[in-house]
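Please treat every number below as a calculation from the coordinates, not as lab data. All values reported here derive from a predicted model rather than from experimental measurement. Quick reminder, even Gly has a Cβ in these numbers, built from the backbone with ideal geometry, and neighbours come from all protein chains shown.
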Amino acid sequence: PDAGAVASLVRDAARSGAQHVVFYGRIGKPNDALAVLGDESAAWAAAETACLENCGDATATVLRTGKLKGGPYYRLDVDTMRAQTAAVVDTERSITLAAADPKATQQGFGGSRSAVARLAAVALDASRTRIVDATTAPGAPGAAPSEESLRASLDALPAAGTAGVAAEISRALDADAAETEPFSPSVLAPWTAA
């Protein structure tokens with residue numbers, strides 16, 4: 001996603017009273033040199049930074065995942081289902097949480113959308129800002145983790161070291177920025193494009 005669009009959306013949500021922000025990022029180290037070849041890691045890193053710097057007093061959870069695959073919608077789309085069957089069998093997979101690490105990798109062809117969505121639902125109640133590597137493993141034991149186990153795993157991770165700094169930067173930007181109407185058409189347009 002465009003970093004400017006992320007900043008606007010998160011800032012408007014925080015101004016409108018949002019208390020929790022969950023942002024899907026991508027695992028791995030940003031690599032500007034590979035952007036020419038289509039690598040999007042640097043763009044994802046910029047979007048993540050925009051989220052953290054604009055969340056104000058809201059709690060932010062950044063879930064760094066592999067490229068998300070599968071999910072209920074794709075079970076209804078025949079062409080997509082055929083293309084992904086060989087790459088991902090999207091059942092409820094086990095999910096491993098760890099503090100953000102530039103060397104993190106996702107096994108297989110991508111992350112399980114269903115497992116990460118369950119984690120995102122739990123993260124909406126997070127008590128502090130965190131950056132989390134969330135990887136899923138096909139066929140691993142412990143599939144379909146309970147909300148309690150996901151919450152315990154998330155709570156065990158350290159808080160993001162940049163949360164206070166991000167909040168201060170956000171307040172400074174808010175003081176200097178021209179007031180715009182929250183969720184205006186210009187802010188929402190990039191998120192609703194086909």
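Observations on the model:
- Amide H contacts of residue 61 (H built 1.01 Å from N, in plane; Pro and chain starts excluded): 21, 22, 23, 130 sit under 5 Å, all sequence-distant by 5 or more or on other chains.
- Approximating the spin labels as points 7 Å out from Cα along Cα→Cβ, the residue 98-to-residue 57 distance works out to 3.6 nm.
- Using θ = phi - 60° and Karplus 6.51 cos²θ - 1.76 cosθ + 1.60, couplings along the range 115-123 (whole Hz; Gly, Pro as x): 5, 5, 5, 4, 5, 4, 4, 5, 5
- Gain upon complete extension [residue 124, residue 40; 0.36 nm per residue less C-alpha separation]: 27.6 nm
- Distance (nanometres) between label positions extended 7 Å along Cα→Cβ at residue 33 and residue 159: 3.7
- Distance between modelled label sites at residue 149 and residue 189, nm, 7 Å Cα→Cβ extension: 4.6
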